[in-house]
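Okay, structure first, notes after.
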Amino acid sequence: MKIIFFLILLSLLVAIGFLAAFIWAVRSGQYDDDVTPSIRILFDDTNEKSINDND
Amino acid sequence: MISITPDLKRKPPETDNSCYHCGEDCEETPVVLNEKIFCCQGCKMVYEILSQNDLCQYYELAERPNISLRGQKHTEYAWLEDSVVQSQLIDYQDNKTSKITFFIPAIHCASCIWLLENLFKFNAGIFSSRVNFINKEFAVTFNHHLVSLAELAELLATLGYPPEINLGDTEGSKNRKKDRRIIYQLGVAGFAFGNIMLLSFPEYLGLNEINAIGFQQWFGWINILLALPVLFFSGKDYLRSAWWSIRQKNLNIDVPISIGILTLFGRSIFEIITHAGAGYLDSLAGLVFFLLIGKWFQQITFHHLSFERNYKSYFPISILQADGQSVPIDNLKKGDIIIVKNKELIPADGILLDGSAAIDYSFVTGEEDKIPKEIGEQLYAGGKQIGKAIRIQINKTVSQSYLTQLWNDAAFKKDSTNTTQLLADKIGKYFTWIILLTAFTTLFYWLPIDVGTAVNAFTAVLIIACPCAVALSIPFTFGNAIRILGRAGFYLKNTEVIEFFQTINNVVFDKTGTLTQTQSQPIHFNGLPLDRVEKEKIARLTEQSTHPLSQQILKFLNIQNNQATQIEQFEEVTGKGLEGFVNNDFIKIGSADFTGNPATPNVSVYLKIKNQNRGSFSIPNIYRTGLAKVIDFFKQENQIHLLSGDTEKSRTDLTPYFGEHLHYQQSPMDKLNFIKNLQTGGASVLMIGDGLNDAGALKQSDVGIVIADDTNNFTPACDAILAAAAFGQLPVFIKYMKRCYQLIFVAYGLAFLYNIIGLSFAVQGQLSPVIAAILMPASSVTIVLFGVLSSTFLAWRLRLTDKNHPDKMIKIN
């Protein structure tokens with residue numbers, strides 16, 4: 001049963017990894033706006049023709 | 001400086017006469033294109049732009065996007081060319097890219113987002129753009145060599161999304177950093193909470209064999225490691241606030257919280273080190289976690305209403321100088337000559353050099369009429385020029401102007417929390433003393449019997465006496481209430497305002513713009529209806545004049561500019577009327593004696609065509625709908641007063657409501673002093689006003705409400721903003737707030753119950769970590785749920801709707 005020490009340590013490392021990922025995600029500004037993305041994903045992709053391409 | 005109001009009539013009746021772009025009724029003069037009708041040239045123009053760029057999907061995304069461009073004129077953004085201004089606004093710039101974030105209040109629905117994020121299709125110089133819907137911010141990345149900032153702003157204005165640019169916004173990016181801190185704290189606390197609980201499982205399940213191998217100590221040490229960041233990072237703000245409060249010989253709500261946190265931590269460390277037990281670190285992490293959720297909830301409810309604008313927001317931040325250069329207002333010196341254009345605010349006191357000035361001082365005096373000024377007369381800051389551009393020579397810099405004196409009055413410096421103590425702090429004080437009393441009583445009771453149990457019971461009392469209920473009920477209940485009120489059109493600055501409302505016994509009303517509507521007075525034409533030709537002629541004539549009545553009649557006629565109409569011998573007699581030959585017909589329009597008519601009540605403007613009376617216009621003072629009900633409601637329990645900067649002409653209308661408590665010709669200073677006097681007499685005053693001229697009074701009063709037809713023109717001095725359309729609901733709002741206040745006491749009752757149960761374990765020395773771990777989160781969650789659900793239920797019962805909320809228009813097909 002002593003293996004459980006090792007397993008706990010490992011799981012803690014994984015958990016800390018997740019915490020680091022969370023902090024990184026917040027720092028990158030992902031959570032500053034959580035309303036607009038929900039609307040944005042529902043837009044259709046029109047053909048990306050813009051004035052730029054009309055040369 | 002003109003911003004667009006998202007049209008609050010959200011769902012216009014779908015008649016055949018609705019404008020294809022904005023949905024408003026086209027009345028008698030629709031503009032036609034491609035078999036579609038539009039209410040005005042502006043709407044038609046936007047449609048043309050969209051269809052040329054293949055963007056008609058805009059119309060499929062939301063039914064009638066509802067941004068009416070009728071009557072909207074272009075705001076000039078020329079001052080954005082100034083490099084000093086640009087450097088303050090631009091987020092980033094290198095050789096070929098620039099980034100800027102605009103504040104666009106007109107963003108209100110899905111199609112707005114879609115259109116704005118497709119802005120690159122309109123101009124080759126725009127790379128990409130992104131909308132932040134909640135903050136109504138719009139970030140654009142563009143090539144400043146191909147498109148200038150001013151052109152960008154004008155493009156947005158043409159499409160119906162004029163950006164509103166304030167000096168104050170340049171400091172906005174700092175707030176974003178602070179908001180994130182609480183998310184980090186929340187994340188760490190949640191992480192620790194979950195993992196500590198996981199490691200406390202053996203303790204919960206009573207697995208003693210595992211203890212034999214030494215798990216208990218091991219897990220205990222890991223728990224301590226996990227708890228350290230909770231204490232020093234996540235809980236730091238509570239500890240700091242309690243410390244400051246104690247130093248000021250005061251006990252606020254954070255003191256018992258901190259006592260609880262420190263005791264939990266201390267006792268747990270002690271138990272783990274001496275192998276006496278598993279400690280209470282799971283409760284510690286849980287307590288901090290729930291408290292932070294409460295704080296975070298509060299923050300997200302309020303943060304997109306920016307209340308901290310200073311007076312500079314009302315002034316154009318750059319002003320055009322006589323030599324053609326735009327300069328920020330801070331740089332204005334005495335002797336500088338500036339040009340103030342139509343509808344622009346005068347930024348500093350000065351002398352009129354040339355141009356015909358008609359200054360609207362309604363911000364300063366409350367007087368609605370435009371005052372004509374002669375060359376050489378002194379003009380004051382805060383006035384708006386109506387008409388052609390005028391040149392002014394500054395004789396006082398911005399900081400010394402008359403308007404600023406009012407703002408610097410002692411009333412503004414005062415902290416917004418008046419002398420009435422907040423409920424939470426009051427209860428917090430009592431709570432702390434009672435807990436300490438109970439704890440020490442328990443200690444001294446057990447001491448002679450068993451020292452161990454004594455210490456056990458003492459710390460247990462401190463731990464379990466959860467002030468979290470007290471700390472959480474107000475943020476969640478009031479926080480929810482504020483959110484609900486906001487949706488209904490009544491925006492409170494913070495939860496404290498609800499508490500201030502409870503003691504009000506005097507209500508002071510402003511007249512102009514508060515009791516009366518300022519926009520679109522319905523004009524009535526007395527006489528045989530005018531035909532199209534006549535309307536065109538009158539319109540051409542009134543177009544030449546900047547007199548407010550002329551402008552209103554012009555708007556009322558709502559007729560296109562027919563270039564064929566010729567005007568000769570035009571003359572405007574200031575303050576009296578206009579006359580001229582329009583297509584060889586002599587038209588005279590003006591006051592009674594100007595047109596040679598006897599004065600009749602209710603008639604403002606008389607019309608004579610070819611020297612024959614053709615009719616007249618009645619332009620009434622329109623009082624807001626629901627005024628009678630609102631006044632009656634307040635009369636029942638309060639003493640009401642009216643303060644107006646205007647002359648006495650409306651006295652007869654208002655005497656039935658106010659009796660003798662009517663005061664006219666009040667300057668902003670008079671209003672402020674009136675309220676001060678009431679307060680020294682012991683009154684608690686609610687002031688309802690509309691803007692800058694009563695700003696001092698609004699701040700001085702215990703609660704200040706501003707009525708806004710456009711909810712984006714905030715007055716920093718007020719505590720609440722009432723959307724004009726929601727004015728009639730004010731009695732319901734106040735009733736709602738009073739009931740929510742009573743709900744808090746019910747919540748405290750619940751908290752009391754929990755504490756009794758918990759204390760009964762604690763004083764016996766029977767408080768095990770398991771019980772603590774169950775009771776504390778349970779009490780927190782119950783209080784939160786109760787607060788949120790009951791306030792929502794109450795709103796449903798009182799039928800508070802959200803029909804006035806501009807953000808409601810998110811529709812996706």
Search region A:13-45 for residues being assigned to a helix (DSSP H, G or I) and among the β-branched types (Val, Ile, Thr), and hand back the single one that is farthest from the other protein chains (Cβ to nearest Cβ).
A:Val14
Need the failing condition index for B:Ile222 against (1) within 11 Å of another protein chain (Cβ to nearest Cβ); (2) among the β-branched types (Val, Ile, Thr); (3) surrounded by 23 or more Cβ atoms within 10 Å (Cβ to Cβ), just the number.
(3)
Taking region B:267-300, which residues are in contact with a helix residue (DSSP H, G or I) (Cβ under 6 Å, 6 or more places away or on another chain), of a type in the set (S, T, N, Q) and modelled with pLDDT under 80?
B:Gln298
Please work out which one of (1) closer than 21 Å to A:Gly29 by Cα; (2) modelled with pLDDT of 85 or more; (3) more than 13 Å from chain A (Cβ to nearest Cβ) is the condition B:His145 fails and give its number.
(1)
Mind listing whichever residues of region B:490-499 are surrounded by fewer than 23 Cβ atoms within 10 Å (Cβ to Cβ) and among the hydrophobic types (A, V, I, L, M, F, W, C)?
B:Val497
Among the residues of region B:94-127, write down those that are more than 11 Å from chain A (Cβ to nearest Cβ) and at pLDDT 80 or above.
B:Asn95, B:Lys96, B:Thr97, B:Ser98, B:Lys99, B:Ile100, B:Thr101, B:Phe102, B:Phe103, B:Ile104
Output the residue which, of all residues in region B:716-736 that are modelled with pLDDT under 85 and of a type outside the set (A, V, I, L, M, F, W, C), is surrounded by the fewest Cβ atoms within 10 Å (Cβ to Cβ).
B:Pro716
What is the one condition in (1) at pLDDT 75 or above; (2) out of contact with any helix residue (DSSP H, G or I) (no Cβ under 7 Å at 6 or more places or on another chain); (3) not hydroxyl-bearing (Ser, Thr, Tyr) that B:Val85 does not satisfy?
(2)
Checked region B:631-643 for anything out of contact with any Pro (no Cβ under 6 Å at 6 or more places or on another chain) and in a helix (DSSP H, G or I); matches are B:Ile631, B:Asp632, B:Phe634, B:Lys635, B:Gln636, B:Glu637
Is region B:132-142 home to any residue that is within 12 Å of another protein chain (Cβ to nearest Cβ), modelled with pLDDT under 75 and closer than 30 Å to A:Ser11 by Cβ?
no
Within region B:229-243, is there a residue that is more than 19 Å from A:Val14 (Cα to Cα), among the aromatic types (Phe, Trp, Tyr), touching a helix residue (DSSP H, G or I) at 6+ places or on another chain (Cβ under 7 Å) and away from every other protein chain (no Cβ under 12 Å)?
yes
I'd like the full set of residues that are in a loop (DSSP other than H, G, I, E, B) and among the acidic types (Asp, Glu), limited to region B:243-272.
none
Which ones in region B:178-212 are modelled with pLDDT under 80, at the interface with another protein chain (Cβ under 10 Å from one of its Cβ atoms) and under 21 Å from B:Gly235 (Cβ atoms)?
B:Asp179
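The values are calculated or read from the model by the stated rules, or taken from the named source; none is laboratory data. Computed from a prediction, not measured in an experiment: that's the story for all the values here. Note: ideal-geometry Cβ built from the backbone for every residue, glycine included; neighbour counts use all protein chains shown.
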